[in-house]
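Below is one structure, written out as structure tokens, with a few remarks after it.
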Amino acid sequence: MNLAIRPRLAGIPGHRRFKWLTVVLWVAVLAAIGPAADKIWDSTDDDATAWLPASAESTAVAAAQDGFPAGDVKPAVVVFARESGLTPSDREAVAVYRASLAAAVPEARDARVTDSADGKALTLGVPLRAATAGDAVKVIRAGADRAVPEGLVVKTTGPAAASADTGDAFDGLDSTLLWVSVLVVGFLLLLTYRSPVLWLLPLIAVAVGSRLASAVVYLLIEHAGLVVNSQNAGVLTVLVFGIGTDYALLLISRYREELRVHEDRHRALAVALRRSAPAIFASAATVVAGLLCLVFADLAPDSGLGPVGAIGVGCAVLAMTTLLPALLAIFGRWVFWPLVPRPGGRSAAAEPAGVWARVAAVVARRPKTAGLATALGLVVLALAGTGMHVGLGKADSFTTTPESLAGQQILARHFPAGSSDPAIVLSTRDSAAAVAAAAGAVEGVGSVGKPAFSADGTLARTPVQLTDAPDSAAAADTVQRLRDAVHRVPGADAKVGGTTAAAFDTDRASAHDRLLVMPLVLLVVLLVLILLLRSLVAPLLLVATVVLSFGSALGAGWLLFRYVFGFAGVDQNLILLGFLFLVAVGVDYNIFLVSRIREEAGPHGHAAGVRRGLAVTGGVITSAGLVLAATFSVLTVLPLVATVELGVLVGVGILIDTLVVRSLLVPALALTAGPRFWWPDRRPAKPVVVAGEPEEVPEPVAAGGRG
């Protein structure tokens, strides 16, 4: 696979005439996509039923609900509690509230009052329509807050309230994520370049790339049926800003090198783009290939993230290799002020100096010792993750305590734990009685309700109240026993759904996705590296290093989650998504390093090429790693534990990969392997001509075109 670009093509974006045309084209694109880019968050779907595996029982039960009277009902449960016992004035206030609520929410006319056995609480069950449940919950909560006497606790919970709280968790976070990403990336670019102007150019380009990605994803949602949830929309923003900035750092670093060789900035930019583009395209190809492996996942949030992430990376590459070079060419050499690179400085052939040159020298003195010590340290850190608890209950899923969760906790103290959210058994109408009898005999079932029949009279829907909280492991075990029992009823074609069943099916699908997608990602990344590097040894070693890096990140992440953040466990999807991002991005940085090593090995030999490659790329790759780690940490502003964990894990993993694996382990392995690192192609890379090639730029330098 040859990702090199022709010399004349390399010169187009920053050409003295075409640079303005490039910017004009991007402005036209922005004007056209602006409205679409603004709508992506309004088109996300966070309804759990939309993300269930297609083959799951709970999916079939959810799909059948429309065939029943009031099949689109999503109940809200208002719980009133006083630990000293409800008073007559409390009950009177509830009655007044119920009457006033019926005037504001028509469904409240059918609200049902249920007393607890201990006389300390009562509930008001409101059967809301799913389509308007979110707005109705706001009305219910506002009225309840005004109606309660002093000392009476009131909380709104149930499926409708839980969905509303999940939606509220993402409310307004589109702009929050965007601006926090802008501030983080802008601050780090300012520190990196120490220039009052230069940092703005990559930030502008990456922001444009982010807008384009959001618009494309929105158009696919509207016209191609792509389903995207809020977490994936947030990851899109973070991914484009992080990886786009990485590509910008790589290009600008090479551009600065070439400005020290070439008097004409257009020639310097063409050479820089020609030399950095293969590494950028190779990196993007690897990340995109890894992301697209997610389309084979059963769980819809996973499969949906694949194309979303691939679109983001593609748009980032497009912006960084067209718009950014045009902006750099327009602003000229002075944009690096006060550290303006001028020709005649340090020769490109001179031995590199600085911190990374010293690191390279240390590794080169004892590569086997450095490699072994680094690998052992990573293994020890990885072992810390062996005690990780996978799976989060609803109570552990938020960094705050939403009202629906607080209400569920009150219900659990005064009512049967599963009363607010029963399991649903779907069966044929003729078998409803037998199914109810079988369900009632299951351990963990508290009571079985009366069946409701579908409009066509063929199906029955039977509510089954569990004795344990819907999000508990015990309730999940009960669902399995319940399924076994009703499946044995002859001719019933029974299926069990509901919140607990959906969570169980989701967990099982997540485990399936890990077993399928993770090996597939490794295989795809390995094949891409073999094609890119035309080698077998180097790709195998690089893939092994990123797997080891992921394991150590998982161990370090678990220590942070358990002992710093106090999380009870990790989300089911964390391992898969963390693996995907860290393997893809880890290989990303290794491609940057190994591409430069191969280039330097041509004129200087393998061992010197390794040292020089690490020395000259150490600063830019470290800066890129810090930017990407900080960008992913932006996800911690979301109030969901799963998203916080993803941001922390990927951030920690990128730092480990950037500062340890890429800096120590990969160079040590390359030096230990020697020229066999490139086997079966042992030939050194041809040196790249820096100057003197007439095809380096599209046309001879014109008068007045220098600097």
Full-extension gain in nm, ALA31 to LEU191, via 0.36 nm per residue minus C-alpha separation | 54.4 nm
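Relative to the Cα centre, what is the charge dipole magnitude of the range 191-279, using +1 at the beta carbon of each Lys and Arg, -1 at the beta carbon of each Asp and Glu, and rounding to the nearest 20 debye?
Dipole of the range 191-279, to the nearest 20 debye: 280 debye.
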Carbon-plus-sulfur fraction of the accessible area of the chain, 1.4 Å probe, in percent?
-> 62 percent
In nm, the gap between the two label points placed 7 Å beyond Cα toward Cβ at ALA607 and ALA361 is 1.6 nm
Dipole magnitude of the chain about its Cα centre, charges +1 at Lys/Arg Cβ and -1 at Asp/Glu Cβ only, in debye to the nearest 20?
-> 3440 debye
Helix 133-147: angle to the longest alpha-carbon principal axis of the chain, degrees 0 to 90, nearest 10?
-> 60 degrees
Near-label residues of the range 570-587 by backbone N, under 13 Å of a point 7 Å along Cα→Cβ of ALA511 = 572
In nm, what is the difference between 0.36 nm times the number of residues separating THR399 and ASP118 and their Cα-Cα distance?
-> 98.0 nm
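Expressed in whole Å with the largest first, what are the equivalent ellipsoid semi-axes of the chain derived from the C-alpha gyration tensor as the square root of 5 times each eigenvalue?
56, 27, 22
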Taking only the alpha carbons of the range 264-364, what extent do you get along each of the three principal axes, in Å, biggest first?
-> 58, 41, 23
Given 5 Å bins starting at zero, what is the percent of C-alpha pairs of the range 402-477 in each, up to the one with the largest pair distance?
-> 3, 17, 23, 20, 15, 11, 8, 3, 0
Working from Cα positions, state the angle (0 to 90°, nearest 10) between the long axis of helix 173-193 and the longest principal axis of the chain.
-> 20 degrees
Dipole-positive endmost among SER89, PRO69, LEU122 within the range 23-131 (Cβ charges, Cα centre) | SER89
For the chain, how many pairs of lysine residues have a Cα-Cα distance under 20 Å, where the two are 8 or more positions apart or belong to different chains?
-> 9
With each label point set 7 Å from Cα along the Cα-Cβ vector, what nm distance links LEU527 and ALA63?
-> 3.0 nm
Could you run the Karplus curve 6.51 cos²θ - 1.76 cosθ + 1.60 with θ = phi - 60° over the range 21-34 and give me ³J(HN,Hα) per residue in whole Hz, x for Gly and Pro?
-> 5, 4, 5, 4, 4, 5, 4, 5, 4, 4, 4, 6, 8, x
Taking each pair of different alpha-carbon atoms in the range 475-569 once, compute 1/r for the pair, average those values, and report the inverse of that mean as the Kirkwood hydrodynamic radius in Å to one decimal.
-> 17.4 Å
Quick one: ranking LYS450, LYS394 by accessible area, 1.4 Å probe, largest first, what do you get?
-> LYS450, LYS394
Per residue, how much accessible area does the chain show when a 1.4 Å probe rolls over the protein heavy atoms, in square angstrom?
-> 40 Å²
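Return the calculated 222 nm mean residue ellipticity for the chain, to the nearest 500 deg cm²/dmol, obtained by summing -39500 (n - 2.57) across DSSP H runs with n ≥ 4 and dividing by the residue count.
After summing the helix terms and dividing by the residues of the chain, the value is -20000 deg cm²/dmol.
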Net charge near PHE592, counting Lys/Arg +1 and Asp/Glu -1 over other residues with Cβ under 10 Å of its Cβ?
-> 0
antiparallel share of DSSP beta bridges within the chain, to nearest 5, in %, is 95 percent
SER472 accessible area, nearest 10 Å², 1.4 Å probe?
-> 30 Å²
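The values are calculated or read from the model by the stated rules, or taken from the named source; none is laboratory data. All of these numbers come straight from a predicted model, not from anything done at the bench. Positions of Cβ are backbone-derived with ideal geometry, glycine not excepted, and every protein chain shown enters the neighbour counts. What goes into the accessible areas is simple: the full protein's heavy atoms, side chains included, and nothing from ligands, DNA or RNA. Shrake-Rupley method; radii C 1.70, N 1.55, O 1.52, S 1.80 Å.
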